[in-house]
Amino acid sequence: MRRFPKRHNMILLTVILTNLVLARSILGAAPPLPIDEYWQKVEETQALVQSLWNASPETRRAELDAVADEWEAITSVALPDGTIVPIDHSFMATRMRAKPPDLRQLDTLLTNLLESRDAWSQREVTPADMQALDRILARSEFQWSVQQPSPLEKWLQELWVRFLEFVMNLVPAETLSVAMPILSYVLPGLGALILILVLAYAMRGLLADFVADKEADAENGKDEDLTAAMALKRAQTLSEGGDYRTAVRYLYLSTLLLLEERGLLRYDRSLTNREYLRSIAHKPELAAIFRDVIEVFDRVWYGYRPLDDKAYTWYANRVKELQQQQ
């Protein structure tokens, strides 16, 4: 009378939701930054770098470490037309965390970024520009190994980008610029809360199943040489004493023993309830009643659902109806 299939379903659900939350962390907590805010961030960072010329090494370290974390969190920018462009700031963050940091190099890097902004809208990109860009990107400081995402990670990233594009098309730009920073904190928190609740529910179910199995093992010690009639009588005694939960177990046990006595199934404690049900699938009317008996037993014995006198009477009548079937 094991209930492994349902237990496996709960574990599978937990794994799926865990992977979704982990995938959310892989995709990064920060949403695409509007391009105007991106350039403002560059200007603010350059002003910070320039203000650190006369600062102590400890102050430089603390300020640059903090801003490096902020830049690493920016993984994409949103253009005015809604296009989302991925960006990798790992090189700049690495330079900010260098010991000691090269403030002159950082200032030059940020100046180059701002100059590219100023020249962006002034002229078209030519083949000569692309060749110059290729020469720049061929330099050693731009060569580092990038871990390729797995097919699942890549699919999740594309799914997240499409979701963001959908939101950006749905919500006005001015509203989105206010809402996105809030969502960047709310979504991960909500995902973590859902994960905690699912894990708690799963653990509760697993512990309940473990306790129920232990109780069943203890009861099984009393089941040696038990017949269907004896199990039915024990259920009646227990129900008269108000122990409906254990009475339900013995009603179900009496059903299994009776079906075995009729040669319809083989009573084996290693079999699951669904395997018992498949044993009588060739008798549809009997199987339909037996399915109800199994479902109530699972809810009461493994799920610890409360059972009052009226519900127990209905269950006992259902068992009686099954046992009267030919």
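The values are calculated or read from the model by the stated rules, or taken from the named source; none is laboratory data. Keep in mind it's a predicted model, so treat the numbers as computed, not measured. Virtual Cβ from ideal backbone geometry, glycine too; neighbours counted across all protein chains shown.
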- Task: Take the stretch 244-265 and flag every residue that is surrounded by fewer than 16 Cβ atoms within 10 Å (Cβ to Cβ) and not in a helix (DSSP H, G or I).
- Result: R262, G263
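Residues are listed down the side, and each one gets a yes or a no for (1) under 30 Å from D118 (Cβ atoms); (2) modelled with pLDDT under 50; (3) not hydroxyl-bearing (S, T, Y):
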| residue | (1), (2), (3) |
| --- | --- |
| P5 | no, yes, yes |
| S25 | no, yes, no |
| G28 | yes, yes, yes |
| P32 | yes, no, yes |
| K41 | yes, no, yes |
| E44 | yes, no, yes |
| A47 | yes, no, yes |
| R61 | no, no, yes |
| A68 | yes, no, yes |
- Are any of the residues in the stretch 266-275 outside any loop (DSSP other than H, G, I, E, B), touching a helix residue (DSSP H, G or I) at 6+ places or on another chain (Cβ under 8 Å) and modelled with pLDDT of 90 or more? no
- Note on the structure: Taking first residues from the stretch 59-78 that are not assigned by TED's automatic domain parsing to the domain that holds T94 and second residues anywhere that are at pLDDT below 90, the pairs with Cβ under 6 Å that are 6 or more apart or on different chains are none
- Identify all residues within the stretch 266-282 that are surrounded by 14 or more Cβ atoms within 10 Å (Cβ to Cβ) and out of contact with any Pro (no Cβ under 9 Å at 6 or more places or on another chain); write none if there are none. Y267, L271, E275, Y276, L277, S279, I280
